[in-house]
Amino acid sequence: METLKLQGLLDRIAAQMAAEPERGQVATYIPELAKIDPARFGIAVALASGEVLSAGDAAEAFSIQSISKVFTLAIALGRLGDQLWSRVGREPSGLAFNSILQLEQENGIPRNPFVNAGALAVTDAILQGHQPREILAELLRFIRLAADDDAIHINDAVARSEQATAHRNIALAEFMAAMGNLRNPSPLTIGTYVHQCAVEMSCRQLASAGRFLMGGKGSPRLVSPARMRRINALMMMCGHYDGSGEFAYQVGLPGKSGVGGGILAIAPNEASIAVWSPGLNHRGNSKLGTEAIEILAREMGWSVFD
Ligand code: GLU
(Lines give C-alpha, C1' and ligand atoms only; values in the text may rest on other atoms or scores of the structure.)
Protein backbone atom coordinates (compact mmCIF):
# COMPACT_ATOMS: atom_id res chain seq x y z
CA MET A 1 0.00 0.00 0.00
CA GLU A 2 2.83 2.38 0.99
CA THR A 3 4.54 1.51 -2.30
CA LEU A 4 1.42 2.28 -4.32
CA LYS A 5 1.07 5.64 -2.59
CA LEU A 6 4.73 6.46 -3.24
CA GLN A 7 4.50 5.45 -6.91
CA GLY A 8 1.45 7.69 -7.31
CA LEU A 9 3.33 10.55 -5.69
CA LEU A 10 6.38 10.09 -7.96
CA ASP A 11 4.12 10.05 -11.04
CA ARG A 12 2.41 13.25 -9.86
CA ILE A 13 5.75 14.97 -9.20
CA ALA A 14 7.09 13.95 -12.64
CA ALA A 15 3.92 15.26 -14.34
CA GLN A 16 4.10 18.53 -12.39
CA MET A 17 7.77 19.04 -13.23
CA ALA A 18 7.22 18.18 -16.92
CA ALA A 19 4.72 21.05 -17.12
CA GLU A 20 6.94 23.57 -15.31
CA PRO A 21 7.98 26.43 -17.63
CA GLU A 22 10.75 27.86 -15.39
CA ARG A 23 13.42 25.16 -15.47
CA GLY A 24 16.65 27.05 -14.57
CA GLN A 25 19.81 27.24 -16.70
CA VAL A 26 21.77 24.24 -17.94
CA ALA A 27 25.50 24.48 -17.05
CA THR A 28 27.40 25.79 -20.07
CA TYR A 29 30.96 26.08 -18.75
CA ILE A 30 31.42 22.38 -19.55
CA PRO A 31 30.53 22.37 -23.29
CA GLU A 32 29.21 18.77 -23.32
CA LEU A 33 26.73 19.60 -20.53
CA ALA A 34 25.42 22.60 -22.49
CA LYS A 35 23.98 20.12 -25.04
CA ILE A 36 21.61 18.48 -22.54
CA ASP A 37 17.88 19.03 -23.03
CA PRO A 38 16.50 21.05 -20.07
CA ALA A 39 13.11 19.35 -20.52
CA ARG A 40 14.46 16.11 -19.05
CA PHE A 41 13.23 15.12 -15.57
CA GLY A 42 13.69 11.89 -13.67
CA ILE A 43 13.19 10.77 -10.09
CA ALA A 44 13.88 7.47 -8.31
CA VAL A 45 13.56 6.23 -4.75
CA ALA A 46 15.38 3.16 -3.42
CA LEU A 47 13.59 1.87 -0.34
CA ALA A 48 14.89 -0.10 2.63
CA SER A 49 12.96 -3.10 1.23
CA GLY A 50 15.27 -3.09 -1.80
CA GLU A 51 12.53 -1.89 -4.15
CA VAL A 52 13.35 1.00 -6.51
CA LEU A 53 10.41 3.14 -7.63
CA SER A 54 10.76 5.82 -10.29
CA ALA A 55 9.04 8.19 -12.68
CA GLY A 56 9.92 10.34 -15.70
CA ASP A 57 13.32 9.92 -17.38
CA ALA A 58 14.63 7.85 -14.47
CA ALA A 59 16.39 5.27 -16.65
CA GLU A 60 18.34 7.82 -18.68
CA ALA A 61 22.01 8.27 -17.76
CA PHE A 62 23.22 11.77 -16.86
CA SER A 63 26.54 13.24 -15.71
CA ILE A 64 26.69 12.93 -11.91
CA GLN A 65 29.44 15.59 -11.65
CA SER A 66 29.88 16.66 -8.02
CA ILE A 67 27.74 13.84 -6.66
CA SER A 68 30.88 11.76 -7.35
CA LYS A 69 32.51 13.64 -4.46
CA VAL A 70 30.41 11.60 -2.00
CA PHE A 71 31.89 8.36 -3.33
CA THR A 72 35.49 9.62 -3.43
CA LEU A 73 35.08 10.93 0.12
CA ALA A 74 33.92 7.48 1.27
CA ILE A 75 36.94 5.88 -0.44
CA ALA A 76 39.34 8.49 1.00
CA LEU A 77 38.04 8.05 4.55
CA GLY A 78 38.37 4.29 4.13
CA ARG A 79 41.94 4.70 2.96
CA LEU A 80 43.22 7.52 5.19
CA GLY A 81 40.74 7.74 8.08
CA ASP A 82 40.97 10.94 10.12
CA GLN A 83 44.30 11.86 8.51
CA LEU A 84 42.25 13.20 5.62
CA TRP A 85 41.17 16.11 7.83
CA SER A 86 44.67 17.58 7.82
CA ARG A 87 44.09 18.32 4.10
CA VAL A 88 40.50 19.55 4.08
CA GLY A 89 38.03 21.02 6.60
CA ARG A 90 34.46 20.17 7.58
CA GLU A 91 32.79 23.58 7.59
CA PRO A 92 30.28 25.00 5.12
CA SER A 93 31.90 27.54 2.82
CA GLY A 94 29.01 29.93 2.16
CA LEU A 95 30.66 30.47 -1.22
CA ALA A 96 30.21 29.14 -4.76
CA PHE A 97 31.41 25.62 -5.61
CA ASN A 98 34.44 26.89 -7.55
CA SER A 99 35.40 29.89 -5.39
CA ILE A 100 39.09 30.55 -4.73
CA LEU A 101 38.57 33.28 -2.07
CA GLN A 102 38.82 31.22 1.12
CA LEU A 103 41.69 29.15 -0.17
CA GLU A 104 44.12 32.04 0.09
CA GLN A 105 42.76 33.25 3.43
CA GLU A 106 42.93 29.73 4.88
CA ASN A 107 46.40 28.74 3.68
CA GLY A 108 45.41 26.32 0.95
CA ILE A 109 43.18 24.13 3.17
CA PRO A 110 39.74 23.97 1.52
CA ARG A 111 36.68 24.40 3.74
CA ASN A 112 35.09 21.03 3.02
CA PRO A 113 35.33 17.97 0.72
CA PHE A 114 32.43 19.08 -1.49
CA VAL A 115 33.57 22.47 -2.78
CA ASN A 116 35.80 21.96 -5.81
CA ALA A 117 39.05 22.76 -3.99
CA GLY A 118 38.17 20.26 -1.25
CA ALA A 119 37.23 17.57 -3.74
CA LEU A 120 40.52 18.12 -5.54
CA ALA A 121 42.35 17.63 -2.22
CA VAL A 122 40.39 14.41 -1.58
CA THR A 123 41.12 13.07 -5.09
CA ASP A 124 44.76 14.08 -4.71
CA ALA A 125 44.91 12.18 -1.39
CA ILE A 126 43.62 8.91 -2.86
CA LEU A 127 45.75 9.32 -5.98
CA GLN A 128 49.01 9.45 -4.06
CA GLY A 129 51.12 6.39 -4.92
CA HIS A 130 48.69 5.28 -7.64
CA GLN A 131 47.94 5.82 -11.31
CA PRO A 132 44.80 7.79 -12.23
CA ARG A 133 43.36 4.72 -14.00
CA GLU A 134 43.71 2.66 -10.79
CA ILE A 135 41.81 5.27 -8.80
CA LEU A 136 39.09 5.56 -11.44
CA ALA A 137 38.79 1.76 -11.54
CA GLU A 138 38.44 1.73 -7.74
CA LEU A 139 35.79 4.45 -7.91
CA LEU A 140 33.81 2.53 -10.53
CA ARG A 141 34.14 -0.67 -8.47
CA PHE A 142 32.78 1.14 -5.41
CA ILE A 143 29.86 2.73 -7.27
CA ARG A 144 29.00 -0.47 -9.19
CA LEU A 145 29.03 -2.47 -5.95
CA ALA A 146 26.91 0.16 -4.18
CA ALA A 147 24.40 0.26 -7.03
CA ASP A 148 24.66 -3.47 -7.74
CA ASP A 149 25.05 -2.56 -11.42
CA ASP A 150 28.13 -3.23 -13.53
CA ALA A 151 26.93 -1.11 -16.46
CA ILE A 152 27.87 2.20 -14.76
CA HIS A 153 30.66 3.92 -16.68
CA ILE A 154 32.59 7.16 -17.28
CA ASN A 155 31.67 9.36 -20.27
CA ASP A 156 35.05 10.24 -21.82
CA ALA A 157 33.62 13.00 -24.02
CA VAL A 158 32.32 14.82 -20.91
CA ALA A 159 35.67 14.34 -19.12
CA ARG A 160 37.61 15.72 -22.11
CA SER A 161 35.18 18.61 -22.46
CA GLU A 162 35.68 19.57 -18.79
CA GLN A 163 39.43 19.07 -19.02
CA ALA A 164 39.65 21.52 -21.94
CA THR A 165 37.91 24.26 -19.95
CA ALA A 166 39.16 23.44 -16.42
CA HIS A 167 40.93 26.77 -15.89
CA ARG A 168 39.36 27.50 -12.51
CA ASN A 169 39.99 24.01 -11.15
CA ILE A 170 43.58 24.16 -12.41
CA ALA A 171 43.95 27.49 -10.58
CA LEU A 172 42.60 25.92 -7.36
CA ALA A 173 44.92 22.92 -7.67
CA GLU A 174 47.97 25.05 -8.47
CA PHE A 175 47.22 27.33 -5.54
CA MET A 176 47.01 24.34 -3.22
CA ALA A 177 50.29 23.07 -4.69
CA ALA A 178 51.88 26.41 -3.86
CA MET A 179 50.63 26.04 -0.28
CA GLY A 180 51.92 22.46 0.03
CA ASN A 181 48.46 20.86 -0.08
CA LEU A 182 48.80 18.91 -3.34
CA ARG A 183 50.89 15.74 -3.49
CA ASN A 184 50.67 14.92 -7.20
CA PRO A 185 51.41 17.03 -10.27
CA SER A 186 48.22 19.06 -10.76
CA PRO A 187 47.51 17.69 -14.30
CA LEU A 188 47.25 14.17 -12.79
CA THR A 189 44.89 15.29 -10.03
CA ILE A 190 42.78 17.37 -12.43
CA GLY A 191 42.69 14.55 -14.98
CA THR A 192 41.45 12.10 -12.33
CA TYR A 193 38.94 14.63 -10.99
CA VAL A 194 37.32 15.43 -14.37
CA HIS A 195 36.93 11.71 -15.06
CA GLN A 196 35.36 11.05 -11.65
CA CYS A 197 32.90 13.89 -12.35
CA ALA A 198 32.09 12.35 -15.74
CA VAL A 199 30.63 9.16 -14.24
CA GLU A 200 27.19 8.69 -15.77
CA MET A 201 24.24 7.17 -13.96
CA SER A 202 20.49 7.12 -14.25
CA CYS A 203 18.31 8.18 -11.33
CA ARG A 204 17.52 4.51 -10.69
CA GLN A 205 21.23 3.62 -10.56
CA LEU A 206 22.10 6.65 -8.40
CA ALA A 207 19.29 6.01 -5.92
CA SER A 208 20.50 2.42 -5.62
CA ALA A 209 24.12 3.53 -5.19
CA GLY A 210 23.09 5.88 -2.36
CA ARG A 211 21.65 3.07 -0.21
CA PHE A 212 24.96 2.66 1.64
CA LEU A 213 24.28 6.07 3.22
CA MET A 214 20.75 5.17 4.28
CA GLY A 215 21.47 2.94 7.23
CA GLY A 216 19.10 0.33 8.61
CA LYS A 217 18.39 -3.11 7.17
CA GLY A 218 18.32 -2.24 3.46
CA SER A 219 21.67 -0.50 3.49
CA PRO A 220 24.72 -2.31 2.06
CA ARG A 221 27.57 -1.99 4.58
CA LEU A 222 30.27 -0.28 2.48
CA VAL A 223 31.30 2.08 5.28
CA SER A 224 30.94 1.82 9.06
CA PRO A 225 27.75 3.27 10.63
CA ALA A 226 29.80 6.05 12.29
CA ARG A 227 31.35 7.03 8.96
CA MET A 228 27.99 6.87 7.23
CA ARG A 229 26.54 9.35 9.75
CA ARG A 230 29.50 11.68 9.23
CA ILE A 231 29.25 11.64 5.44
CA ASN A 232 25.55 12.48 5.83
CA ALA A 233 26.44 15.35 8.19
CA LEU A 234 28.80 16.80 5.59
CA MET A 235 26.16 16.42 2.89
CA MET A 236 23.69 18.28 5.08
CA MET A 237 26.03 21.17 5.85
CA CYS A 238 28.02 21.43 2.61
CA GLY A 239 26.33 19.34 -0.12
CA HIS A 240 24.71 22.28 -1.92
CA TYR A 241 27.55 24.83 -1.56
CA ASP A 242 26.20 28.28 -0.68
CA GLY A 243 22.68 26.85 -1.09
CA SER A 244 23.17 24.23 1.66
CA GLY A 245 21.26 26.17 4.32
CA GLU A 246 18.36 26.71 1.95
CA PHE A 247 18.27 23.01 0.98
CA ALA A 248 18.29 22.01 4.66
CA TYR A 249 15.49 24.49 5.34
CA GLN A 250 13.35 23.51 2.35
CA VAL A 251 13.99 19.76 2.24
CA GLY A 252 15.37 18.73 5.64
CA LEU A 253 17.51 15.88 4.32
CA PRO A 254 21.24 15.49 3.62
CA GLY A 255 21.87 15.87 -0.09
CA LYS A 256 24.56 16.34 -2.70
CA SER A 257 24.04 18.16 -5.96
CA GLY A 258 25.97 18.18 -9.23
CA VAL A 259 26.08 20.68 -12.09
CA GLY A 260 24.70 17.96 -14.37
CA GLY A 261 21.40 18.65 -12.60
CA GLY A 262 21.37 15.58 -10.37
CA ILE A 263 20.77 15.46 -6.61
CA LEU A 264 21.25 12.50 -4.28
CA ALA A 265 19.36 12.86 -0.98
CA ILE A 266 19.14 10.46 1.95
CA ALA A 267 16.14 9.87 4.22
CA PRO A 268 17.88 7.89 7.00
CA ASN A 269 16.48 4.36 7.46
CA GLU A 270 13.82 5.08 4.82
CA ALA A 271 15.14 5.81 1.37
CA SER A 272 17.86 6.91 -1.00
CA ILE A 273 16.48 9.45 -3.45
CA ALA A 274 17.88 10.54 -6.82
CA VAL A 275 16.48 13.27 -8.99
CA TRP A 276 17.63 14.77 -12.29
CA SER A 277 16.59 18.00 -13.94
CA PRO A 278 19.44 19.69 -15.87
CA GLY A 279 18.41 23.33 -15.31
CA LEU A 280 20.24 24.91 -12.36
CA ASN A 281 19.28 27.71 -9.98
CA HIS A 282 21.55 30.71 -9.38
CA ARG A 283 23.63 28.69 -6.91
CA GLY A 284 24.38 25.92 -9.40
CA ASN A 285 21.97 23.36 -7.91
CA SER A 286 19.14 21.69 -9.85
CA LYS A 287 16.12 24.01 -9.69
CA LEU A 288 13.32 21.52 -10.28
CA GLY A 289 15.29 18.73 -8.65
CA THR A 290 15.26 20.65 -5.38
CA GLU A 291 11.54 21.38 -5.72
CA ALA A 292 10.80 17.74 -6.47
CA ILE A 293 12.68 16.42 -3.42
CA GLU A 294 11.01 19.06 -1.27
CA ILE A 295 7.55 17.83 -2.32
CA LEU A 296 8.55 14.17 -1.93
CA ALA A 297 10.05 14.68 1.54
CA ARG A 298 7.06 16.72 2.73
CA GLU A 299 4.44 14.27 1.44
CA MET A 300 6.29 11.24 2.81
CA GLY A 301 7.08 12.93 6.13
CA TRP A 302 10.81 12.32 5.58
CA SER A 303 13.06 14.70 7.55
CA VAL A 304 16.07 14.36 9.80
CA PHE A 305 14.46 16.92 12.12
CA ASP A 306 11.49 14.85 13.31
N1 GLU B 1 33.05 18.95 -12.49
C2 GLU B 1 32.40 20.14 -11.98
C3 GLU B 1 33.41 21.23 -11.73
O4 GLU B 1 34.44 20.99 -11.22
C5 GLU B 1 31.64 19.78 -10.74
C6 GLU B 1 30.91 20.93 -10.11
C7 GLU B 1 29.54 20.53 -9.59
O8 GLU B 1 28.98 19.53 -10.02
O9 GLU B 1 29.00 21.26 -8.73
O10 GLU B 1 33.20 22.36 -12.05
Working only within region 99-121, note down all residues that are touching a Phe, Trp or Tyr at 6+ places or on another chain (Cβ under 9 Å) and either within 13 Å of TYR193 (Cβ to Cβ) or part of a loop (DSSP other than H, G, I, E, B) (or both). SER99, ILE100, GLY108, PHE114, VAL115, ASN116, ALA117, ALA119, LEU120
So is VAL70 over 21 Å from HIS282 (Cβ atoms), free of Cβ contacts under 8 Å to residues at least 40 places away in the same chain and either among the aliphatic types (A, V, I, L, M) or not in a helix (DSSP H, G or I) (or both) or not? no
Can you confirm whether region 240-255 contains a residue that is within 23 Å of GLY218 (Cα to Cα) and within 13 Å of the ligand (Cβ to nearest atom)? yes
Cβ-Cβ distance below 6 Å, separation of 6 or more or different chains: which pairs start in region 169-190 with a residue that is over 23 Å from TYR29 (Cβ atoms) and end on one that is open to solvent by less than 20 Å² (accessible area, probe 1.4 Å) and of a type in the set (Asp, Glu)? ARG183/ASP124; ASN184/ASP124
Flagged in region 32-41 as within 16 Å of the ligand (Cβ to nearest atom) and open to solvent by 60 Å² or more (accessible area, probe 1.4 Å), in numbering order, are LYS35, ILE36
Give the residues of region 156-171 that are of a type outside the set (Asp, Glu), within 12 Å of the ligand (Cβ to nearest atom) and open to solvent by less than 80 Å² (accessible area, probe 1.4 Å), sorted by residue number. VAL158, ALA159, SER161, GLN163, THR165, ALA166, ASN169, ILE170, ALA171
Residue list for region 91-117, filter: over 19 Å from GLY258 (Cα atoms) and within 15 Å of the ligand (Cβ to nearest atom): LEU103
Filter result (closer than 21 Å to ARG230 by Cβ, outside any helix (DSSP H, G or I) and in contact (Cβ under 8 Å) with a residue 40 or more places away in the chain) within region 82-96: ARG87, ARG90, GLU91, PRO92, SER93, GLY94
Just for region 256-282: of the residues that are under 29 Å from THR28 (Cβ atoms) and aliphatic (A, V, I, L, M), which one is farthest from the ligand (Cβ to nearest atom)? ILE273
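The values are calculated or read from the model by the stated rules, or taken from the named source; none is laboratory data. Computed from a predicted model, the values in this text were never measured in an experiment. When we count neighbours, we look across all protein chains shown, and the Cβ atoms used for this are built from the backbone with ideal geometry, even at glycine. Ligands, DNA and RNA are stripped out before the accessible areas are found, and what is left, the full protein with its side chains, is counted by its heavy atoms. Shrake-Rupley method; radii C 1.70, N 1.55, O 1.52, S 1.80 Å.
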